[in-house]
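Q: Have a look at this one before I ask anything.
The values are calculated or read from the model by the stated rules, or taken from the named source; none is laboratory data. These numbers were taken from a predicted model, which means no experiment stands behind them. Methodologically, a virtual Cβ is constructed for each residue, glycine included, from the backbone with ideal geometry; neighbour enumeration extends over all protein chains shown. What goes into the accessible areas is simple: the full protein's heavy atoms, side chains included, and nothing from ligands, DNA or RNA. Shrake-Rupley method; radii C 1.70, N 1.55, O 1.52, S 1.80 Å.
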Amino acid sequence: MTRPTRPSARTHPAAEMYADEHRQGLISRREFLARATALGVAVPAAYGLIGLQAPARAQAKPQMGGTLRIQMSCRELKDPRTYDWSEMAHQTRGTIEYLVETGRDNTLHGMLLESWSANDDATEYTMNIRKGVTWNDGTDFTAEDVAANIIGWCDTSVEGNSMASRMATLIKDGQAADGAVEIVDSHTVKLKPLSPDGTIMFGMADYPAAVVPKDKIGQALTDHGIGTGAYMIEELKVGEKCVLVKNPNHTYWGEAWLDRVEFLDYGTDPSAWLAGADADEFDMTYETVSEFVGIFTAIGWVESEVGTSSTVVIRPNQETEVDGMKPYADVRVRRALALAVDNAVPLELGISGLGIQSRNNCHVAPGIHVDYAEIPAHEKNVEEARRLMEEAGMMDYEHELVSIDDDYRKNTTDAVAAQLRDAGFKVKRTIMPGSTFWQDWTKYPFSSTNWNHRETGIQLLNLAYRSTAAWNETGFRSAEFDALLDQATAIADNESRKAVMAKLEQMMVDEGVAIIPYFRSLYRHYKDGVVGAEMHPKYEINVHHLGWA
């Protein structure tokens, strides 16, 4: 299956600089590819800059037709800008598509964009929109749709709109800045960030960035059913199933193989997933977790693994009140909690060691993120933890640690709670079903949350810790931190940027913002013969790529 992306006519000077850094051993090949393609360098050209040929797709071309059944939780749909679960995007990706998408190797590929390019200092992007694409109601897909979606992503007045954090450099006074989004012609849009931004294209590949018709912005797909993709939703029962079928009344611009895709919800207990596989009720898992990885492999299913920055964040919320007080407003309490924990324990007990230990409690992954900077390693220190908690007068306070009731998130949180009790702190564990937990996930005083992989650390810090971020669940708000984020986003040189990243990472540690024990390897299993199902760093399932050999 091929969706060609037209190469940019010139090589961006920053991409050449990244290639030099790669040759000097300063950044990995994965890191180089991510940054070069984000500036509009086509994938083959990016590989060519470092003397390699782009790898050919090894997978077989699928046959046309058939049904694929996928184990996955099925959720109610809403305005895509406010999606807070990857699964929502998987349910709709067959109908509403994305401007770009990220491959397993961190490269960006054009989807509804044919190509894009950035000027030398990343303050102007030219986006060339794929021609010949129509919405499934027969109208043309044009630059007006793209501009309207980007302007909608910039609207900070929409509750839960996390896209605003990804488009921060286009925003002024809560809206798209004047002149930041310009329609050049029917198939060209220019973006003019207010400051240099080398991450903006990655934001457009993230799952809340689904593109809808310009007059449907703010609506759920189930309210109108209009998209550019080959499929339509035939049936959605939240918590049971979501069924997609190929739309017989739409001429799709690309390729799509399957006639029918069924997402089937087996709840959060992996034992139920295994029982479903044993009973031949589905063909592919959304994710396989912990000790079930070996079991699924043992029954003969194909195992797919990828290293990521996915993690579980155990965080106090600095702003939430409990009985008239804010227990986690005091940095001594937050630091005490972090110092009481050896991160190797939740790595082993939470995810069976299937990942890498975090060197620090900062949300930037060593060996994964291009912008990770070395700072002193975290060490468990119970004596210092008790001293800080006593100094804060909180030794008798009972910490209620909340988590979802599932496999790795519950086990990881249990492992942290056990170490806090070992340090002499009082801890009450509260475990909730997912249907209850996620209603208020940003507001619990002390809880755990899983976070998906992003291509750069800056993206994660913007999404989760910027003062104005919709997904800021820690209540950590710092003008100094925000200013450093702006500075890091604008720096192209990797070594110069790392100096700023080190300050950001150390601030997270010194402020006791969160306990981040590990970064996960992700696993998926599927039956022999399924094509295009390899695990993606961000769990992405694009039904257009799936099929049977």
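Q: List the pair-distance distribution P(r) of the chain, using every Cα-Cα distance, as the percent of pairs falling in each 20 Å bin from 0 up to the bin containing the longest distance, rounded to whole percents.
A: 21, 57, 21, 1
Q: Where in region 291-370 are there trypsin sites (Lys or Arg not before Pro) that are in a DSSP coil and have at most 11 other Cβ atoms within 10 angstrom of their Cβ?
A: Of the trypsin sites (Lys or Arg not before Pro), not one in the loops of region 291-370 has a Cβ with at most 11 other Cβ atoms within 10 Å.
Q: Can you tell me the 0 to 90 degree angle between the C-alpha axis of helix 494-510 and the longest principal axis of the chain, rounded to 10?
A: That helix lies at roughly 40 degrees to the long axis.
Q: By how many degrees, between 0 and 90 and to the nearest 10, does the Cα long axis of helix 479-490 differ from the longest principal axis of the chain?
A: Roughly 40 degrees, rounded to the nearest 10.
Q: Continuing with this model, one more query. Per residue, how much accessible surface does region 108-181 expose to a 1.4 Å probe? Answer in Å², no decimals.
A: Heavy-atom SASA per residue in region 108-181 reads 36 Å².
Q: When the label point is put 7 Å from the Cα of GLU291 along its Cα-to-beta-carbon vector, which residues of region 334-376 have a backbone N closer than 13 Å?
A: The answer is 349-353.
Q: Hand me the trypsin sites (Lys or Arg not before Pro) from region 429-491 located in a DSSP loop with no more than 13 other Cβ atoms within 10 Å, in residue order please.
A: Answer by residue number: LYS443.
Q: Tell me, what is the FRET efficiency for ASP405 and THR468 to the nearest 0.05, using R0 = 25 angstrom and their Cβ-Cβ distance as r?
A: According to the calculation, E is roughly 0.20.
Q: What FRET efficiency do you get for ARG387 and ALA329 if R0 is 22 Å and r is their Cβ-Cβ distance, rounded to the nearest 0.05?
A: According to the calculation, E is roughly 0.70.
Q: Right, here's the next one. Could you look at the chain and say what percent of its accessible area is carbon and sulfur, using a 1.4 Å probe and all protein chains?
A: Roughly 47 percent of what the probe reaches on the chain is carbon or sulfur.
Q: Measuring from a point 7 Å past the Cα of ALA344 along Cα-to-C-beta, which residues in region 352-376 have an amide N at less than 19 Å?
A: 352-362, 366, 376
Q: Another one. Placing +1 at every Lys and Arg Cβ and -1 at every Asp and Glu Cβ, with all other atoms neutral, what dipole size does the chain have around its Cα centre, in debye to the nearest 20?
A: 740 debye
Q: So, for region 349-482, what is the accessible surface per residue at a probe of 1.4 Å, expressed in square angstrom?
A: Here the residues of region 349-482 average 37 Å² of exposed surface.
Q: Show the residues, 5+ positions off or on another chain, whose built amide H is closer than 5 Å to the amide H of GLU234.
A: For GLU234, whose amide H was placed from the backbone, the distant partners under 5 Å are VAL243, LEU244, VAL245.
Q: Starting from the amide H of THR430, placed 1.01 Å from N in the peptide plane, find each other amide H under 5 Å away whose residue is 5 or more places distant or on another chain.
A: LEU401, VAL402, SER403
Q: Okay, moving on. How far, in degrees from 0 to 90, does helix 143-153 lean away from the longest principal axis of the Cα atoms of the chain, to the nearest 10?
A: Here the helix axis deviates by roughly 10 degrees.
Q: On to the next question. Does region 223-326 come out rounded, prolate or oblate by the C-alpha gyration tensor, with a ≥ b ≥ c the root eigenvalues, rounded set by a/c under 1.5 and, if not, prolate when a/b is larger than b/c and oblate if not?
A: oblate
Q: Quick check: Cα centre of region 111-174 to Cα centre of region 301-327, how many Å?
A: 30 Å
Q: Still on this model: Between SER28 and GLU303, what FRET efficiency comes out of the Förster formula 1/(1 + (r/R0)^6) with R0 = 22 Å and r the beta carbon distance, rounded to 0.05?
A: Efficiency for this residue pair is about 0.40.
Q: Using modelled backbone amide H atoms (1.01 Å from N, in-plane), which distant-in-sequence or interchain residues come within less than 5 Å of ASP79's amide H?
A: ALA220
Q: Then there's this: How much length would be gained if the chain were fully extended between ASP121 and ARG429, taking 0.36 nm per residue of separation minus their Cα-Cα distance, in nm to one decimal?
A: Using 0.36 nm per residue and subtracting the Cα-Cα distance, I get 105.9 nm.
Q: Something else now. Using helices alone, I'd like the mean residue ellipticity at 222 nm for the chain: each DSSP H run of four-plus residues gives -39500 (n - 2.57), total over residue count, nearest 500.
A: That calculation yields -8000 deg cm²/dmol at 222 nm.
Q: Once phi is turned into θ = phi - 60°, what whole-Hz ³J(HN,Hα) does the Karplus curve with 6.51, -1.76 and 1.60 give for every residue of region 329-343, x standing for Gly and Pro?
A: Couplings: 6, 8, 4, 5, 5, 5, 5, 4, 4, 5, 5, 7, 10, 8, 5 Hz.
Q: While we're on this one: Please list 3J(HN,Hα) in residue order for region 421-437, calculated via the Karplus relation 6.51 cos²θ - 1.76 cosθ + 1.60 where θ = phi - 60°; whole Hz, with x for glycine and proline.
A: 5, 4, 7, x, 8, 7, 9, 10, 9, 10, 10, 10, x, x, 4, 8, 4
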